[in-house]
Structures are given as structure tokens and as C-alpha cells.
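Student: The structure is given below, and queries will be raised subsequently.
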Amino acid sequence: MPLSLTVLGAASPYPRPGRPASGYLLRGGSAEIWVDAGFGTFAELQRHTDPTRLTAIWLSHLHADHSADLLAAAYGFAYGGRTLPAPIPVYAPDGCARRVAGFFGRPDTSFLSSVFEFRPLYDGHTARHWNLTLTARAVVHDTEAYGLRAECQGRVFAYSGDSGPCDALTHLAGSADLFLCEADVTAHREGEPRVHLTPEEAGTYAKGAGRLLVTHVGPTLTREEATGRAAVAFGGPTESAREGDTSIV
């Protein structure tokens with residue numbers, strides 16, 4: 001199976017009609033990885049695969065617009081008839097299990113073990129599923145957060161997650177065939193922490209990659225404006241992440 005990316009949702013910071021929040025289906029080497037589980041993405045995931053076929057779930061960070069639909073998946077797997085052959089590995093920042101359990105009002109997390117196997121991420125964390133290798137890199141955000149670099153049979157996909165300007169993005173995007181990068185803010189406000197990217201920054205960090213896919217565009221920008229501005233800075237093939245689209249990496 002060639003390495004491919006299907007956009008389940010790309011809205012920020014909340015879903016719009018027909019536009020779920022952040023979520024993607026990454027396929028390669030017989031593996032199917034749900035990358036980020038923002039609001040509404042579990043429903044969209046079912047348009048493209050049977051969720052019981054998932055090899056793993058990978059969450060860049062625990063903000064709700066990237067992780068909330070893990071709850072929907074828990075209901076589907078535990079109570080909705082979507083019986084899993086084995087618990088799904090969930091690669092996520094430490095504390096993800098406690099957060100999900102808290103929604104159920106449970107002080108322990110053991111009841112989730114029949115559906116999820118939580119595996120904490122850290123900088124440099126690597127997981128291999130068949131011919132697909134997933135590597136996490138810590139990025140700058142206002143919470144623990146990671147970008148992703150996925151390699152399969154010589155092809156490389158990179159994802160910024162939610163990130164402010166940082167050197168890790170250069171390393172993630174370097175020599176990647178496709179770089180999926182957020183472009184959330186029009187400009188940085190003086191005195192505020194830089195926890196997201198402008199379109200120009202997204203384009204600049206993408207310079208080592210073959211193609212740029214712009215995602216997570218915030219409410220002060222349109223997708224068209226963000227993509228156009230990023231394209232000027234990048235100088236290479238640049239597209240908007242649109243729900244339902246699949247890109248071969």
C-alpha cells in the first residue's frame with residue numbers, strides 16, 4: 001500500500017458545518033493510523049475505513065480540537081458494536097488516559113484497557129507497524145506537543161501538529177515528500193507567546209520538503225489566503241487541506 005494521507009478535518013479551533021476539527025487517516029505498509037482525533041473526525045473516519053481496522057491512533061497533543069473524538073471512539077468500540085480484535089495502541093502525551101477516564105467520571109483508567117493501550121510520547125519516540133515508522137518530535141506549543149515524521153518504503157510524510165516557530169519543524173520537514181503544516185494566525189501579537197504559525201512561517205519551514213499541505217487555518221484567515229501566502233514563502237507546490245481529499249505521499 002502506498003503512503004497516503006486522507007483529510008478527515010482541518011478546521012481550527014472548532015468544527016464548522018461539513019468541516020470537522022483536526023484529524024487525518026495515514027495509510028502505508030498495510031497500517032492505518034488515525035492522526036489526531038478532533039471534534040467530528042470519528043464520523044468522517046468511518047467514510048474511509050472500518051475503525052476496527054485501525055493499527056494505531058497518534059495524537060499530537062491533548063487540546064480538545066485534536067483529541068476530543070477519542071471519546072466518540074471509546075463509545076463506539078466499548079458500547080456501539082464496533083468490536084476490536086485487540087486494544088488499539090494510542091500514542092499520545094502522558095495523561096491522555098486520565099483525561100478520557102475523567103470524562104466518564106472514573107478515577108482509574110483500567111476500564112479503558114479493553115479498547116485502548118496508551119503509550120506516552122516523548123521527543124524521539126519511534127513506533128513501527130509493518131513497513132510504516134512513526135517518529136515524534138517535540139514542538140513548541142502552550143502544552144506538551146509533538147510533530148510527526150512517518151516513513152514507509154522510501155516515502156516520507158511530516159506533520160507539524162500545533163506548533164509555534166521552532167527548529168524541530170525544520171528537521172521534521174527536511175527531505176519530506178509531503179509536509180502537512182498548520183497556518184493558524186495572521187500575525188503574531190507583540191508580547192504574546194508564539195504557539196502557532198503564520199502562513200509565511202509555514203511556507204518557510206516547508207522549504208526542505210517536496211510539497212506543502214496547509215491545514216489548521218484559524219478564524220482570522222481563509223484557507224485560500226493562508227495557502228496563497230504560504231505558497232509565496234515556500235516557492236513550491238502548495239495546497240489547502242480539504243476534508244475528504246486524499247494525497248499520495
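The values are calculated or read from the model by the stated rules, or taken from the named source; none is laboratory data. Being a predicted model, the structure only gives us computed values, none of them experimental. Backbone-built Cβ (ideal geometry, glycine too); neighbour counts: all protein chains shown. Protein only, heavy atoms only, side chains kept; ligands, DNA and RNA dropped before computing areas. Shrake-Rupley method; radii C 1.70, N 1.55, O 1.52, S 1.80 Å.
Student: Tell me whether segment 175-183 contains one or more residues that are closer than 20 Å to ARG242 by Cα and open to solvent by 10 Å² or more (accessible area, probe 1.4 Å).
Tutor: yes
Student: Can you tell me which residue is modelled with the highest pLDDT among those in segment 24-38 that are part of a loop (DSSP other than H, G, I, E, B) and either hydroxyl-bearing (Ser, Thr, Tyr) or surrounded by 24 or more Cβ atoms within 10 Å (Cβ to Cβ) (or both)? First the steps, then the outcome.
Tutor: Keep residues of segment 24-38 that are part of a loop (DSSP other than H, G, I, E, B), which gives 29-30, 38.
Okay, now just the ones that are also either hydroxyl-bearing (Ser, Thr, Tyr) or surrounded by 24 or more Cβ atoms within 10 Å (Cβ to Cβ) (or both), so 30, 38.
Details: SER30: 94, GLY38: 98.
The residue in question is GLY38.
Student: Among the candidates GLU117, GLU151, GLU144, which residue alone is part of a strand (DSSP E or B), open to solvent by 20 Å² or more (accessible area, probe 1.4 Å) and over 24 Å from GLY244 (Cα atoms)? Lay out the reasoning, then the answer.
Tutor: Details: GLU151 fails: over 24 Å from GLY244 (Cα atoms); GLU144 fails: part of a strand (DSSP E or B).
Exactly one of GLU117, GLU151, GLU144 is part of a strand (DSSP E or B), open to solvent by 20 Å² or more (accessible area, probe 1.4 Å) and over 24 Å from GLY244 (Cα atoms), namely GLU117.
Student: Within segment 86-103, count every residue that is over 20 Å from ALA145 (Cα atoms), over 18 Å from the mean Cα position of the chain (by Cα) and either small (Gly, Ala, Ser) or surrounded by 14 or more Cβ atoms within 10 Å (Cβ to Cβ) (or both).
Tutor: Taking segment 86-103 first, the residues over 20 Å from ALA145 (Cα atoms) are 86-88, 101-103.
Applying the additional criterion that residues be over 18 Å from the mean Cα position of the chain (by Cα) yields 86-87, 101-103.
From what is left, the residues that are either small (Gly, Ala, Ser) or surrounded by 14 or more Cβ atoms within 10 Å (Cβ to Cβ) (or both) are 86-87, 101-102.
Matching residues across segment 86-103 total 4.
Student: Looking only at segment 193-211, decide whether some residue is open to solvent by less than 20 Å² (accessible area, probe 1.4 Å), touching a strand residue (DSSP E or B) at 6+ places or on another chain (Cβ under 9 Å) and not in a helix (DSSP H, G or I).
Tutor: Taking segment 193-211 as the starting set, the residues that turn out to be open to solvent by less than 20 Å² (accessible area, probe 1.4 Å) are 197-199, 202-203, 206, 209.
From the residues that got through so far, the ones that are touching a strand residue (DSSP E or B) at 6+ places or on another chain (Cβ under 9 Å) too are 197, 199, 202-203, 206, 209.
Within this subset, residues satisfying the condition of being not in a helix (DSSP H, G or I) are 197, 209.
Yes, that holds for at least one residue.
Student: Does segment 45-93 hold any residues that are closer than 14 Å to ARG27 by Cα, in contact with a Leu (Cβ under 9 Å, 6 or more places away or on another chain) and assigned to a loop (DSSP other than H, G, I, E, B), and which are they? Please lay out each step first, then the result.
Tutor: Step one: filter segment 45-93 for residues closer than 14 Å to ARG27 by Cα, giving 45, 48-51, 53-58.
Next, only the ones that are in contact with a Leu (Cβ under 9 Å, 6 or more places away or on another chain) stay: 45, 48-49, 51, 54-58.
Scanning segment 45-93 gives THR49, LEU54, THR55.
Student: Determine which member of the set SER175, SER163 is in contact with a helix residue (DSSP H, G or I) (Cβ under 9 Å, 6 or more places away or on another chain), closer than 24 Å to MET1 by Cα and in a loop (DSSP other than H, G, I, E, B). Lay out the reasoning, then the answer.
Tutor: Numbers: SER163 fails: closer than 24 Å to MET1 by Cα.
Exactly one of SER175, SER163 is in contact with a helix residue (DSSP H, G or I) (Cβ under 9 Å, 6 or more places away or on another chain), closer than 24 Å to MET1 by Cα and in a loop (DSSP other than H, G, I, E, B), namely SER175.
Student: Let me ask something additional. With the requirement that a residue be touching a residue at least 24 places away in the same chain (Cβ under 8 Å) and either over 21 Å from GLY23 (Cβ atoms) or exposed (fewer than 15 other Cβ atoms within 10 Å of the Cβ) (or both), what does segment 165-174 give you?
Tutor: The first filter runs over segment 165-174 and keeps only residues touching a residue at least 24 places away in the same chain (Cβ under 8 Å), leaving 165-166, 168-174.
PRO165, CYS166, ALA168, THR170, HIS171, GLY174, listed by residue number.
Student: Look through THR41, THR83 and report the one residue that is farther than 26 Å from HIS216 by Cα, touching a residue at least 24 places away in the same chain (Cβ under 8 Å) and polar (S, T, N, Q).
Tutor: Numbers: THR41 fails: farther than 26 Å from HIS216 by Cα.
From the options THR41, THR83, the qualifying one is THR83.
Each row is one residue, and each column tells you yes or no for (1) closer than 15 Å to ILE57 by Cα; (2) among the β-branched types (Val, Ile, Thr); (3) at pLDDT 95 or above; (4) touching a helix residue (DSSP H, G or I) at 6+ places or on another chain (Cβ under 9 Å).
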site: PHE77; (1), (2), (3), (4): yes, no, yes, yes
site: VAL90; (1), (2), (3), (4): yes, yes, yes, yes
site: CYS96; (1), (2), (3), (4): yes, no, yes, yes
site: ARG128; (1), (2), (3), (4): yes, no, yes, no
site: ASP167; (1), (2), (3), (4): no, no, yes, no
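Student: So which pairs qualify, if the first residue must be in segment 233-244 and farther than 18 Å from THR204 by Cβ, the second must be in a loop (DSSP other than H, G, I, E, B) and open to solvent by 30 Å² or more (accessible area, probe 1.4 Å), the Cβ gap must be under 9 Å, and the two must be at least 6 apart or on different chains?
Tutor: Pairs found: GLU243/GLY18.
Student: Test CYS181 against the criterion of being among the hydrophobic types (A, V, I, L, M, F, W, C) and either over 22 Å from ALA11 (Cβ atoms) or out of contact with any Leu (no Cβ under 8 Å at 6 or more places or on another chain) (or both), and give yes or no. Please lay out each step first, then the result.
Tutor: Details: among the hydrophobic types (A, V, I, L, M, F, W, C): yes; either over 22 Å from ALA11 (Cβ atoms) or out of contact with any Leu (no Cβ under 8 Å at 6 or more places or on another chain) (or both): no.
Against the criterion (among the hydrophobic types (A, V, I, L, M, F, W, C) and either over 22 Å from ALA11 (Cβ atoms) or out of contact with any Leu (no Cβ under 8 Å at 6 or more places or on another chain) (or both)), CYS181 does not qualify.
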